[in-house]
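Colleague: The structure under discussion is supplied below as structure tokens; questions concerning it will follow.
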Amino acid sequence: MDQLLNKEELEFAQHMREFYRTEIPEELRFKVATGQDLTKDDIVTSQRILNQHGYAVPNWPVEYGGQDWTPVQRHIWLEEMQLACVPQPLAFNASMVGPVIATFGSKEIKDRFLPATANVDIWWAQGFSEPNAGSDLASLKTSAVRKGDKYIVNGQKTWTTLGQYGDWIFMLVRTDPTVKKQAGISFLLIDMKSPGVTVRPIQLIDGGHEVNEVFFEDVEVPVENLVGEENKGWTYAKFLLGNERTGIARIGMSKVNLARAKAYAAMTKTSRGTLLDDPLFSARLTEIEARLTALEFTQLRILSTQAAGSDKPDPRSSVLKLHGSQLQQDITELLVDVLGPQGLDFVDSTAVGEGFTDLPGAAASALPDYFNYRKVTIYGGSSEVQRGIISKAILGL
């Protein structure tokens, strides 16, 4: 990537590289590098250090903690963060609800929520998907009926990631059932301590508890918690998803995970020497590396032509989401194949070092990650939806 950057951008990359490796605690970066689960405190600690130095929410307006950076600088900020194995700012705060509030919220809502959101004084949860409204999000049925100065909210959200930590939840709710489905949706902020809000865990195939169901039974929400205009929530949701998909390719993280697979392959003995000397494995590795490089070039091309500060979603972000998700899955599969039977030693990362010291560092998380990463071609807009956006909005089919 360095060959594509100018002198100022290279200096900026070096600055961020040094900052991440000196200011973020090494134990946090080690947990990311070895695939261990991060605690809530880990994520909060990292983001508050970033926020203290102005690096938590660079995509926000400057008056609320953002930076007057170019799209390429924001890419470097994220790329170097991932390469340094720094826990990323909480996406629900930094990349989702924060930009929506900053772009469409009233001055009162901005002042009330944005500083606390940047510093994770509020941990946000996302209330979008429902049992029958996932990829077809516009079919959501959770209702918000206005009664005086309050909305009465009833319904259910599902797949609420890390909702067990949530202080507040940003919601898409149906405020007008009489119009076409996209036109009757609003964007509402709800305190998760409100009476009538119930959070229930969903057990996942990787053995973890990452997502939840959230139920709303006659929950009273002040009208002042509405973001923007009533029934304009679909516009705000598309803006949010466009922001989410631009960074969702996780190119830097894929580089780190690919390096883990290569390092262990170099230690795996075969009749030819090591696994890296096997022509079939080498061809597979080279193909993934080439695709990852092509995706990075694509991201840089998109960034170089993006209008800074535009509030319109860029349909090209769907290309990044589609191919970035597939690469993430392919790399987790590669690591499992490299480890072979050792990868089947499916243990909690907390058990490593307690009777599992002979287990390769990559093995503890390899199979859980493989199972968990089945989700990446679904969340943030499924691959099928991305192909539809690409065919219509980019190719004009």
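The values are calculated or read from the model by the stated rules, or taken from the named source; none is laboratory data. Quick caveat, the model's predicted, so the values are computed rather than measured. Using ideal geometry, Cβ is built from the backbone for each residue, glycine included, and neighbour counts are taken over all protein chains shown. SASA here: full protein model, heavy atoms, side chains in, ligands and nucleic acids out. Shrake-Rupley method; radii C 1.70, N 1.55, O 1.52, S 1.80 Å.
Colleague: Among the residues that make up the range 131-140, is at least one of them assigned to a helix (DSSP H, G or I) and touching a strand residue (DSSP E or B) at 6+ places or on another chain (Cβ under 6 Å)?
Modeller: Our first condition is that a residue be assigned to a helix (DSSP H, G or I); within the range 131-140, this holds for 137-139.
Add one more test, that the residue is touching a strand residue (DSSP E or B) at 6+ places or on another chain (Cβ under 6 Å), and what stays is 139.
Within the range 131-140, one or more residues are assigned to a helix (DSSP H, G or I) and touching a strand residue (DSSP E or B) at 6+ places or on another chain (Cβ under 6 Å).
Colleague: Collect the residues in the range 144-160 that are modelled with pLDDT of 95 or more and surrounded by fewer than 23 Cβ atoms within 10 Å (Cβ to Cβ), keeping them in residue-number order.
Modeller: Restricting attention to the range 144-160, the residues satisfying the condition of being modelled with pLDDT of 95 or more are 144-158, 160.
Result: Val145, Arg146, Lys147, Gly148, Asp149, Lys150, Ile152, Asn154, Gly155, Gln156, Thr158.
Colleague: Something else now. Which residues, taken from the range 101-116, are in contact (Cβ under 8 Å) with a residue 60 or more places away in the chain and either over 18 Å from Lys232 (Cα atoms) or crowded, with 22+ Cβ neighbours inside 10 Å (or both)?
Modeller: Residues satisfying the conditions are Ile101, Gly105, Glu108, Phe113.
Colleague: Same structure again: What tally of residues in the range 46-87 results from selecting those that are open to solvent by 20 Å² or more (accessible area, probe 1.4 Å) and either in contact (Cβ under 8 Å) with a residue 40 or more places away in the chain or of a type in the set (D, E, K, R) (or both)?
Modeller: Narrowing the range 46-87 to residues open to solvent by 20 Å² or more (accessible area, probe 1.4 Å): 48-49, 51-53, 55, 59, 61-65, 67-70, 72-74, 77-78, 83.
Applying the additional criterion that residues be either in contact (Cβ under 8 Å) with a residue 40 or more places away in the chain or of a type in the set (D, E, K, R) (or both) yields 48, 51, 59, 61, 63-65, 68, 70, 72-74, 77-78, 83.
Number satisfying all stated conditions: 15.
Colleague: Still on this structure, please answer the following. Taking Glu217 as meeting all but one of (1) touching a Gly at 6+ places or on another chain (Cβ under 8 Å); (2) charged (D, E, K, R); (3) at pLDDT below 90, write down the number of the exception.
Modeller: (3)
Colleague: Out of the residues in the range 1-45 that are hydroxyl-bearing (Ser, Thr, Tyr) and outside any helix (DSSP H, G or I), state the one that is most open to solvent (accessible area, probe 1.4 Å). Give the derivation first.
Modeller: Quick first cut of the range 1-45, residues hydroxyl-bearing (Ser, Thr, Tyr) only: 20, 22, 34, 39, 45.
Cutting the leftovers down to outside any helix (DSSP H, G or I) gives us 34, 39.
On the way: Thr34: 35, Thr39: 63 Å².
Among residues in the range 1-45 that are hydroxyl-bearing (Ser, Thr, Tyr) and outside any helix (DSSP H, G or I), the one most open to solvent (accessible area, probe 1.4 Å) is Thr39.
Colleague: Taking the criterion of being on the phi < 0 side of the Ramachandran plot, free of Cβ contacts under 8 Å to residues at least 40 places away in the same chain and not in a helix (DSSP H, G or I), would at least one residue in the range 275-295 satisfy it?
Modeller: Yes: one or more hits.
Colleague: Please name all residue pairs, on different chains or six or more residues apart, with Cβ atoms under 7 Å, provided the first residue is in the range 163-180 and is assigned to a loop (DSSP other than H, G, I, E, B) and the second residue is open to solvent by 50 Å² or more (accessible area, probe 1.4 Å).
Modeller: Thr175/Glu230
Colleague: Looking at (1) crowded, with 17+ Cβ neighbours inside 10 Å; (2) at pLDDT 90 or above, can you tell me which one Glu289 breaks?
Modeller: Among (1) crowded, with 17+ Cβ neighbours inside 10 Å; (2) at pLDDT 90 or above, the lone unmet condition for Glu289 is (1).
Colleague: Within the range 302-397, which helices (runs of 4 or more DSSP H) (wholly inside it) include 1 or more residues that are surrounded by fewer than 18 Cβ atoms within 10 Å (Cβ to Cβ) and at pLDDT 90 or above?
Modeller: Values: elements: 317-339, 363-372, 383-389.
Those helices (runs of 4 or more DSSP H) span 317-339, 383-389.
Colleague: Could you tell me which of the residues Asp121, Asp111 is more than 18 Å from the chain's Cα centre (by Cα) and assigned to a loop (DSSP other than H, G, I, E, B)? Spell out the reasoning first.
Modeller: Numbers: Asp111 fails: assigned to a loop (DSSP other than H, G, I, E, B).
After ruling out the rest, the residue left standing is Asp121.
Colleague: Out of the range 67-90, which residues are modelled with pLDDT under 95, more than 22 Å from Gln36 (Cβ to Cβ) and part of a loop (DSSP other than H, G, I, E, B)?
Modeller: Asp68, Trp69, Thr70
Colleague: Additional query: For the range 180-221, name all the residues that are of a type in the set (A, V, I, L, M, F, W, C), over 24 Å from Lys40 (Cα atoms) and out of contact with any strand residue (DSSP E or B) (no Cβ under 6 Å at 6 or more places or on another chain). First the steps, then the outcome.
Modeller: To start, the set of residues in the range 180-221 that are of a type in the set (A, V, I, L, M, F, W, C) comprises 183, 185, 187-190, 192, 197, 199, 202, 204-205, 211, 214-216, 219, 221.
Cutting the leftovers down to over 24 Å from Lys40 (Cα atoms) gives us 183, 185, 187-188, 216, 219, 221.
Ala183 - this is the single residue of the range 180-221 that is of a type in the set (A, V, I, L, M, F, W, C), over 24 Å from Lys40 (Cα atoms) and out of contact with any strand residue (DSSP E or B) (no Cβ under 6 Å at 6 or more places or on another chain).
Colleague: Every residue in the range 230-249 that is modelled with pLDDT of 85 or more and under 18 Å from the mean Cα position of the chain (by Cα), please. Full working, then the answer.
Modeller: First pass over the range 230-249, keeping only residues modelled with pLDDT of 85 or more: 230-240.
Tyr236, Ala237, Lys238, Phe239, Leu240, listed by residue number.
Colleague: Among the numbered conditions (1) assigned by TED's automatic domain parsing to the domain that holds Ser139; (2) in contact with a helix residue (DSSP H, G or I) (Cβ under 9 Å, 6 or more places away or on another chain); (3) open to solvent by 30 Å² or more (accessible area, probe 1.4 Å), tell me where Trp234 comes up short.
Modeller: Evaluating Trp234 over (1) assigned by TED's automatic domain parsing to the domain that holds Ser139; (2) in contact with a helix residue (DSSP H, G or I) (Cβ under 9 Å, 6 or more places away or on another chain); (3) open to solvent by 30 Å² or more (accessible area, probe 1.4 Å) leaves (1) as the failure.
Colleague: Separate question: Taking the range 46-60, which residues are within 12 Å of Gln88 (Cβ to Cβ), part of a helix (DSSP H, G or I) and of a type outside the set (Ser, Thr, Tyr)? Step through it out loud before you land on a result.
Modeller: Going through the range 46-60, the residues within 12 Å of Gln88 (Cβ to Cβ) turn out to be 46-47, 50, 55-57.
Narrowing further to those that are part of a helix (DSSP H, G or I): 46-47, 50.
Selection gives Gln47, Leu50.
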